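The next block holds one structure in the form of structure tokens; read it before the comments.
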Amino acid sequence: MKRFLFCFLMAVPCFVFGLPAAATQDAAAKLDGVSLLVMQAFNMKGGAFYTMMRTPHYAYRELLYQNIIQGRADSDIAISGDFLLFIVNRVLERNEGEL
């Protein structure tokens, strides 16, 4: 059940908000784009700039500020599936603590 829920939550923003214009099946996922996807998938609130702009840059900075992404200096790096699962796990742990 958790696996289905995870797959559903990660797929919904792609249908609702659309993929980036340059997205292809061979392209690597970038950290800033995944940050925006995660923030939209979990309906996370952000700071003033993220609230106004809703861009990958400010989504990345917000996840850094919330200590979900740790120690990453470059938002343009390609990420692995393991790191994506790590980010989602941190968001789920954070949301679980707020209940």
Using the structure shown, decide if residue 37 is of a type outside the set (Phe, Trp, Tyr), surrounded by fewer than 18 Cβ atoms within 10 Å (Cβ to Cβ) and either free of Cβ contacts under 8 Å to residues at least 12 places away in the same chain or under 18 Å from residue 91 (Cα atoms) (or both).
no
Residue 69 passes all but one of (1) at pLDDT below 90; (2) in a loop (DSSP other than H, G, I, E, B); (3) in contact with a Phe, Trp or Tyr (Cβ under 9 Å, 6 or more places away or on another chain); which number fails?
(1)
Take residue 53 and tell me if it is modelled with pLDDT of 90 or more and over 15 Å from the mean Cα position of the chain (by Cα).
yes
Name the residue that is surrounded by the most Cβ atoms within 10 Å (Cβ to Cβ), counting only residues in region 74-92 that are aliphatic (A, V, I, L, M), more than 11 Å from the chain's Cα centre (by Cα) and within 10 Å of residue 31 (Cβ to Cβ).
79
Given the conditions (1) assigned to a helix (DSSP H, G or I); (2) surrounded by 12 or more Cβ atoms within 10 Å (Cβ to Cβ); (3) not acidic (Asp, Glu), every one holds for residue 97 apart from (2)
Looking at 5, 9, 36 in this structure, which one is modelled with pLDDT of 90 or more and assigned to a helix (DSSP H, G or I)?
36
Got at least one residue in region 47-62 being buried (at least 16 other Cβ atoms within 10 Å of the Cβ) and assigned to a loop (DSSP other than H, G, I, E, B)?
no
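The values are calculated or read from the model by the stated rules, or taken from the named source; none is laboratory data. Being a predicted model, the structure only gives us computed values, none of them experimental. Positions of Cβ are generated from backbone atoms using ideal geometry, with glycine treated the same way; all protein chains shown enter the neighbour counts.
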